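A.B. asks: First, the structure itself, so that you have it in front of you.
The values are calculated or read from the model by the stated rules, or taken from the named source; none is laboratory data. Note that the structure is predicted; figures quoted are calculated from it, not measured. For neighbour counting, all protein chains shown are included, and Cβ atoms are generated from backbone atoms with ideal geometry for every residue, glycine included.
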Amino acid sequence: MREHSETGPQCPGEESCQDWAAAAGQTHEQKEEAVCFGCKLFSTKYRETAEWIDELVDDIEEMRIAQRAGETVSPGSIPPLEWEALKMWHRVERQMDAEHQANVALLTESIFSTAG
């Protein structure tokens, strides 16, 4: 199980978050996906997580490891909550990969523009 750190910046909570107030979305879930899932403070949003949530995240992480090793996971082979969490994991991975690629491109451009 993961350990929670109480040091460093913390999520201010939805009621005090400027990004949350400005976020598009009609439902709590839409706003949370638009704002929270990509936020660097998201891991501190729910300070005390229920054990079942930690177990769910651990299970999803294990599924991703298995998928990278070539195993397939189909919607009917796991509970709906795990399927939704796995889809969310994939979306976050794609977002992080795109951000990484953009940062590498900017760094490369910066290196070549200053080297010339």
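A.B. asks: Pairs, please: C-beta under 6 Å, at least 6 apart or cross-chain, first residue under 20 Å from E55 (Cα atoms) and in the stretch 67-82, second modelled with pLDDT of 90 or more?
C.D. replies: Listed pairs, sorted by first residue: V73/M63; P75/W83.
Conditions (1) at pLDDT 85 or above; (2) outside any helix (DSSP H, G or I), marked per residue:
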residue: E3; (1), (2): no, yes
residue: G8; (1), (2): no, yes
residue: P12; (1), (2): yes, yes
residue: S43; (1), (2): no, no
residue: T49; (1), (2): no, yes
residue: W52; (1), (2): no, no
residue: E55; (1), (2): yes, no
residue: E61; (1), (2): yes, no
residue: V73; (1), (2): yes, yes
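A.B. asks: If you don't mind, there's one more thing I want to ask. Which condition number in (1) assigned by TED's automatic domain parsing to the domain that holds E93; (2) surrounded by 10 or more Cβ atoms within 10 Å (Cβ to Cβ); (3) polar (S, T, N, Q) is the one that Q30 fails?
C.D. replies: Of everything listed in (1) assigned by TED's automatic domain parsing to the domain that holds E93; (2) surrounded by 10 or more Cβ atoms within 10 Å (Cβ to Cβ); (3) polar (S, T, N, Q), Q30 misses just condition (1).
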